[in-house]
Amino acid sequence: MRKGFGVRNTVAIFAPKFATAMFDTTRSNNGIMRFSMRIMSLLLSLGFTGSVLASSGGGENPDPGEFIIHHIADAHDIHLWGEGPSAVHIPLPVISYSPEYGVSMFSSAHLLHHGEDHVDMSDHGMEGAHEEHAPHGGSGQYHCHETGLTYSLDGNGALHAHNNAGEHVHAYDLSISKSVLGMFIVIFMMLLIFPRVGSAYKKRKGQAPKGLQNALEPLILFIRDEVAVPSIGAKKADRYLPFLLTTFFFIFLCNLLGLVPFIGAFNVTGTVGVTLILATFVFIITTVSGNRHYWGHIFWPPGVPLPIKLILVPVEVVGILLKPAVLMIRLTANIGAGHIIILALTFLVFIISDYGAHTAAGIGTGIFSVAFMIFMYFIELLVAFLQAYVFTLLAALYFGDATQEAHH
Amino acid sequence: MEAFLNTVYGTVFWSTISFLVVLILMRRMAWGPILQGLKEREEEIDGALNKAKEARAEIENLQSDNERLLQEARAERDGMLRDARDMSDKLVADAKQLAKEEGERMIVQAKQAIDGERAGAVADLKAEVAKLSLEIAETLVRQELSDDGNQQALIGRMISDSKLN
């Protein structure tokens with residue numbers, strides 16, 4: 001997508017004030033469009049996250065697909081609201097490691113650009129002359145003196161490094177990105193909440209649960225009695241419970257964090273890197289705890305004729321990796337899909353109203369979009385729990401499979 | 001779609017570290033005590049419920065024991081009452097029998113005594129009468145020999161004097 005439009009970002013509208021500020025920065029000369037956008041901003045600010053884009057230059061309309069993908073994807077900053085020069089970002093630390101050139105650490109504010117600089121770059125990009133130009137995420141460059149590398153973000157928000165000769169250098173991007181920060185927030189919350197609950201069990205031994213302990217006990221018991229014990233068996237469940245409980249609460253809280261409005265729409269469990277690691281842990285634990293019975297069933301299924309074995313064994317072997325891979329894809333896709341639907345519903349208003357050309361159509365669609373978005377939000381709350389539950393349940397089933405004793 | 005992998009190294013790196021850290025910390029600081037506490041409480045509740053069940057069974061046992069004891073006591077009392085009544089009946093009957101026999105024996109003795117005495121008396125009387133008759137006869141015979149009138153008067157007097165018992 002190199003349309004060169006000035007539209008640069010997803011904007012979450014949370015309150016009319018912010019929305020109005022945002023729309024004031026639009027370069028649209030169309031009064032009706034402005035009016036319709038104000039109406040929309042009012043509708044959208046009913047208390048949930050809605051992402052709206054605004055034209056900040058050029059006048060060309062953005063591609064909804066591209067726009068949504070950028071909103072869902074991880075980023076090196078937290079974009080709160082606003083567009084172009086008046087956009088409000090929280091810059092995050094960028095950490096880049098190159099085996100040849102070493103480690104560099106700097107604020108992503110250097111890569112995002114503000115003021116005139118930005119507009120210039122944007123215009124530059126529109127002409128298609130600058131390869132590093134990003135319609136999203138920023139096109140600033142940062143030169144690190146220690147490593148002698150110049151860092152910049154591409155159109156997908158990925159970090160690239162070039163040496164003084166202008167050659168592309170392979171460097172690992174270990175930045176504290178938005179998803180990593182979200183993960184840290186969740187972990188901080190978990191370490192704040194659960195040790196307290198743990199000490200409550202020590203302190204209030206033999207007494208009825210109270211407060212936070214009482215609030216979380218049903219969930220803990222749910223994971224123990226409805227997930228771990230039926231899947232693994234009462235005897236062995238204790239070994240896997242710490243992992244299952246950590247995974248469940250980690251995913252659940254990450255999912256909920258993604259639904260909190262005003263904080264830049266975290267999408268931790270919709271980030272491939274995070275779910276990949278969760279699935280990898282499941283894979284490692286399953287493989288390590290697999291007993292003879294488990295491996296026997298994979299490599300030489302008992303009671304199956306030889307020709308079928310020839311088909312079954314490769315399928316089972318692929319399944320070892322496929323099972324955790326499916327866990328990863330399911331979680332990422334489900335959480336991403338919810339965000340995509342809400343964004344798509346927002347976009348519907350702009351598509352149907354032809355980006356402000358037909359006010360009435362925009363208002364009409366807006367009402368239905370908003371109603372459906374509220375509905376989607378409730379579904380998302382359900383999905384936040386459901387996906388955490390499904391991931392934990394399937395992980396527990398895999399552990400149960402791996403540790404099952406021969407029974408025939 | 002490459003946008004989804006824009007920070008994949010960083011997210012993989014940090015998720016591995018942070019998930020491991022949170023897993024280890026949570027295991028030690030949270031899940032350990034929580035699961036232990038839950039288990040202990042469940043065992044405690046189970047224990048308490050079992051104890052209550054046992055206590056209830058014990059009370060039921062005691063109650064049935066009491067019932068049994070009461071039954072026994074009642075039976076014993078009834079038996080004792082019956083025995084006492086039987087004994088008293090027997091005593092009364094015996095006493096009656098004894099009294100009857102004694103009475104009969106006494107009556108028989110009395111009869112014998114009366115008969116004996118009467119026989120004695122009759123014998124005495126007979127002897128007296130005989131003696132008297134002999135005296136009268138003697139006297140009569142004496143007087144008669146002297147005077148007829150006198151003899152007559154004497155006989156009359158003697159008869160009136162001599163009372164036949």
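Rounded to the nearest 10 degrees, the angle from helix B:148-161 to the longest Cα principal axis of chain B is 10 degrees. Over region A:350-396, all Cα pairs binned in 10 Å intervals from 0 give whole-percent P(r) values of 26, 26, 21, 16, 9, 1, listed from short to long. Placing +1 on each Lys and Arg Cβ and -1 on each Asp and Glu Cβ, with no other charges, gives region B:9-161 a dipole about its Cα centre of roughly 1500 debye. What distance in nm separates the simple spin-label points at A:Thr287 and B:Lys131, each placed 7 Å from Cα in the Cβ direction? The modelled label-to-label distance comes out at 15.9 nm.
The mean of 1/r over all distinct Cα pairs in region A:208-332, once inverted, gives the Kirkwood hydrodynamic radius of 17.1 Å. Remark: region A:317-387 projects, on average over all directions, an area of 5.6 nm² (convex hull of Cα atoms).
Per the Kirkwood definition applied to all pairs of different Cα atoms, how many angstroms is the hydrodynamic radius of region B:88-155? Working shown, then result.
Numbers: mean 1/r = 0.0619 Å⁻¹.
The Cα-based Kirkwood calculation yields 16.1 Å.
For region B:51-123, the residue among B:Ala93, B:Gln71, B:Ile114 whose Cα projects farthest onto the positive side of the dipole built from Cβ charges is B:Ile114.
Annotation: amide H of A:His143 within the under-5 Å range of A:Tyr151, sequence separation 5 or more or interchain, hydrogens built in the peptide plane. Taking a ≥ b ≥ c as the square roots of the eigenvalues of the alpha carbon gyration tensor, region A:181-233 is oblate, as a/c is not under 1.5 and a/b does not beat b/c. When only alpha carbons of chain B are considered, Rg and Dmax amount to 63.6, 200 Å.
Apply the a/c threshold of 1.5 to the C-alpha gyration tensor of region A:178-403 and tell me whether it is rounded, prolate or oblate. It would help to have the intermediate numbers written out before the result.
On the way: a/c = 2.75, a/b = 1.36, b/c = 2.03.
Cα axes put region A:178-403 in the oblate bin.
Remark on A:Tyr172: its backbone amide H falls under 5 Å from those of A:Tyr97, A:Ser98, a criterion applied only to residues 5 or more positions apart or on other chains, H modelled at 1.01 Å from N.
Could you work out the local net charge near B:Gln97, counting Lys and Arg as +1, Asp and Glu as -1, over the other residues with Cβ closer than 12 Å to its Cβ?
Values: positive: B:Lys90, B:Lys96, B:Lys100; negative: B:Asp94, B:Glu101, B:Glu102, B:Glu104.
Net local charge, B:Gln97 excluded: -1.
Springs between Cα atoms under 10 Å define the GNM used for chain B, and in it the highest mean-square fluctuation of B:Asn150, B:Asn66, B:Asn50 occurs at B:Asn150.
Coordinate-derived values only; no laboratory data. The structure presented is a predicted model; accordingly, all values stated were derived computationally and were not measured. Heads up, the Cβs are rebuilt from the backbone with ideal geometry, glycines too, and the neighbour counts pull from every protein chain shown.
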